[in-house]
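Presented below is the structure to which this report refers.
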Amino acid sequence: MKLAVNVDHIATIREARRHTIPEPVLAALLAEQAGAEGIVCHIRSDRRHIKERDLHLLKQTVKTKLNIEMAATDEMKHIAMDIKPDIVSLVPERDEEITTEGGLDVLANEAHLQAHIQELRQAGIRVSIFVDPDTDQIDACQRVGVDLIEINTGKYADLKPGEKRDQALEEIGQAARNGAGSGLVIHAGHGLDYFNIRPVTAIPEMKEFSIGFAIVARAALVGIDRAVREMIALIQ
Ligand code: PXP
C-alpha cells in the first residue's frame, strides 16, 4: 500500500502570516525523499491555503504523482486543464467548512459529473471521486466514468475504538470490495493518523492512503522526513 502526502497545511502555516514560508513544494520534495509515492493538495475556491503558484511549482517538481483535489466547477476544470496533474480528485466544497465534510453526492449530479469527467480524461488526466462508503454512491462513481475512488474514512476516524468504529470499518471494507469489483482502483483518506491507520491497512483492496493533517502536525515536532517514514512503516 502506498502513501500520498497532502501538503495543504504547510500552506496553512504560510498563510497564517501571509508569508512566503514554509514552502509546500519543499515539503513535497522532502516527503518524496522519505518515500511518499504521491503528493496531494486541495485548491479551494477561497484559496485559503494552496494557490495557483503552488500548483505550477508542484507540477514542475513532483517526481512521483501529483493529485489535485478540487470542486467540480468550470473554474477548477480550467485550472486542471492548465496544470494537467496526474490525477484530479473531485470533492464537495462548502465555503464555511474547516475541512471537506463528506463524500461527493454523485447520485444527485450524475449528468454534470459524467461530462466534467469526460473532459478531464480526454485531457489525459486520471480522475478520482472522494466518496462515502455507500454502495449506491460507489455504483454511481463507476457509471460516471472515473478511474479510481477515494473512500472517505472521516466517519471511522472520528470514532473511538469499539463497536461503532468496527462497524464504520466494515462499511469501508464493503465499499472497497464493491468498488474493486466494478474495476475501480481504491484509495482512502480523511482523518487518518498514526493511531487509527492500522485497521484500515487490513483491507486488501486498498492501494493508497491520502494523509495530510496528521503528518504535517507531526512534522512540526519531529520533521517531515521522520513523520513520513513513520507513517510508511505503519502502512506497509
Ligand atoms: N482526502 C480528501 C478528499 C481531503 O479533502 C482531505 C483533506 O484535505 C484528505 C484526504 C486528507 O485528510 P487529512 O488532512 O485529515 O489527512
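Mind telling me which of the residues Lys160, Lys164, Lys207, Lys155 ends up being touching a helix residue (DSSP H, G or I) at 6+ places or on another chain (Cβ under 6 Å) and of a type in the set (D, E, K, R)?
On inspection, the qualifying residue turns out to be Lys155.
Which one of Ser89, Ser128 is surrounded by 16 or more Cβ atoms within 10 Å (Cβ to Cβ), touching a Phe, Trp or Tyr at 6+ places or on another chain (Cβ under 8 Å) and not in a loop (DSSP other than H, G, I, E, B)?
Answer to the check: Ser89.
Among the residues of the range 13-43, how many are within 21 Å of Leu192 (Cα to Cα) and either free of Cβ contacts under 8 Å to residues at least 60 places away in the same chain or away from the ligand (no atom under 11 Å from the Cβ) (or both)?
Of the residues in that region, 16 qualify.
Identify all residues within the range 44-75 that are closer than 25 Å to Leu234 by Cα and either touching a helix residue (DSSP H, G or I) at 6+ places or on another chain (Cβ under 8 Å) or within 14 Å of the ligand (Cβ to nearest atom) (or both); write none if there are none. Step through it out loud before you land on a result.
Start the filter on the range 44-75 by keeping residues that are closer than 25 Å to Leu234 by Cα, which leaves 62-69.
Within the range 44-75, Val62, Lys63, Thr64, Leu66, Asn67, Ile68, Glu69 qualify.
May I ask you to list the residues in the range 92-126 that are within 13 Å of the ligand (Cβ to nearest atom), out of contact with any His (no Cβ under 7 Å at 6 or more places or on another chain) and under 18 Å from Leu148 (Cβ atoms)?
Within the range 92-126, Pro92, Gly103, Leu104 qualify.
Among (1) hydrophobic (A, V, I, L, M, F, W, C); (2) more than 10 Å from the ligand (Cβ to nearest atom); (3) part of a strand (DSSP E or B), where does Ala180 come up short?
The single condition Ala180 does not satisfy is (3).
Just to be sure I understand, how many residues within the range 190-226 are under 18 Å from the mean Cα position of the chain (by Cα) and touching a residue at least 60 places away in the same chain (Cβ under 8 Å)?
Summing the residues that are under 18 Å from the mean Cα position of the chain (by Cα) and touching a residue at least 60 places away in the same chain (Cβ under 8 Å) in the range 190-226 gives 13.
Kindly evaluate Gly154 against the criterion of being farther than 24 Å from Thr64 by Cα and within 15 Å of the ligand (Cβ to nearest atom).
yes
Can you tell me which residue is nearest to Asp136 (Cα to Cα) among those in the range 183-200 that are out of contact with any strand residue (DSSP E or B) (no Cβ under 8 Å at 6 or more places or on another chain) and away from the ligand (no atom under 14 Å from the Cβ)?
The initial filter retains those residues of the range 183-200 that are out of contact with any strand residue (DSSP E or B) (no Cβ under 8 Å at 6 or more places or on another chain), namely 183, 191, 194-196, 198-199.
Within this subset, residues satisfying the condition of being away from the ligand (no atom under 14 Å from the Cβ) are 183, 198-199.
Working: Gly183: 15, Arg198: 27, Pro199: 24 Å.
Looking at residues that are out of contact with any strand residue (DSSP E or B) (no Cβ under 8 Å at 6 or more places or on another chain) and away from the ligand (no atom under 14 Å from the Cβ), I get Gly183.
Within the set of pairs 6+ apart or on separate chains, which have a first residue in the range 153-170 that is more than 15 Å from Asp193 (Cα to Cα), a second that is assigned to a helix (DSSP H, G or I) and of a type in the set (A, V, I, L, M), and C-beta atoms under 9 Å apart?
These pairs meet every condition: Ala168/Ala157.
Quick note: the coordinates plus some simple rules give every number you see, no bench work behind them. No experiment lies behind these values; they were computed from the predicted model shown. Note that we place each Cβ from the backbone using ideal geometry, even for glycine, and neighbour counts take in every protein chain shown.
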